[in-house]
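Undergrad: Pasting a structure below so you can have a look.
The values are calculated or read from the model by the stated rules, or taken from the named source; none is laboratory data. Everything numeric in this text was worked out from a predicted model, so none of it was measured. Cβ sites come from the backbone with ideal geometry, for glycine too, and all protein chains shown count toward neighbours. The accessibility values were calculated without ligands, DNA or RNA, using every heavy atom of the protein model including side chains. Shrake-Rupley method; radii C 1.70, N 1.55, O 1.52, S 1.80 Å.
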Amino acid sequence: MKLEQSKQKLLLDLATALRLKDAKLATKESPEQVALDKAIAEQTRLRDAAAAAQMAVDDMESEILRIQADERKLRLRKKDGQDALGAETDEDRRRDLTHDIYTSKSRIADLMSELQEAHNEVHALRNNRDLSQSRVKDAERKVTEARDAVAAATVRAGEVEDPSVLIARLEEELPADVIAEFREQRIENGIGAALFNGRSCGGCAMVLPANGIAEIRNTPANEVPHCPECGSYLIRDIS
Ligand SMILES: [Zn+2]
């Protein structure tokens, strides 16, 4: 492959950028993102649980209000009955009123024990709701931390130039026939171009035989030699 010496380093940069891009694609889902997704899922689950716990409290509070309203009605009825009994002389009516007062009293007693039970239950339900809400707060804090971690990781990743941009720029600077030959070689061995350090190939890491090294050294400066082992284009004399 013919390529003026001043541009040979670009070919090596291109091979490096392509390798970096492949590595980035392979790790598209960063561990920070995985942790964030998990934290958000947990937050959603705990928020649903807290909403259900709040709903249970609301239901029990309505139940208490209903019992209290019933109790008021019955106390009124009992009082009306007692008032009427005081003024009633008819024996049959008195018996009916006495029975009615007795029924009201016994239903009030039932309601009082129902109310006591409901108060105990609402107390337990409120504790459960408070616990659920504090779990939600923990989960929200974890989501915030996970988001910060993703942001920090994104900033770190951004400090390295986006390989796609770099690749496009390098491909523009290199002749089309060189790009074509390089790509063909890259398809063949997955490397394309590598650094030659004077002894070994940076692509396959093989220490080359003496005659291979001599051949590389004797290749004219405006040509790019191949690695005799893996076929990669070898870039010499980088400084
Ligand atoms: Zn090689």
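Undergrad: Here is a list: ARG66, ARG94, ARG72. Which entry is touching a Leu at 6+ places or on another chain (Cβ under 9 Å) and either open to solvent by 40 Å² or more (accessible area, probe 1.4 Å) or in contact (Cβ under 8 Å) with a residue 60 or more places away in the chain (or both)?
TA: Working: ARG66 fails: touching a Leu at 6+ places or on another chain (Cβ under 9 Å); ARG72 fails: touching a Leu at 6+ places or on another chain (Cβ under 9 Å).
Of ARG66, ARG94, ARG72, the one residue that is touching a Leu at 6+ places or on another chain (Cβ under 9 Å) and either open to solvent by 40 Å² or more (accessible area, probe 1.4 Å) or in contact (Cβ under 8 Å) with a residue 60 or more places away in the chain (or both) is ARG94.
Undergrad: Quick one: would you say ARG129 is at pLDDT 95 or above and in the same structural domain as ALA49 (by TED's automatic domain parsing)? Full working, then the answer.
TA: On the way: at pLDDT 95 or above: yes; in the same structural domain as ALA49 (by TED's automatic domain parsing): yes.
Here the answer is yes, as ARG129 does meet what is asked.
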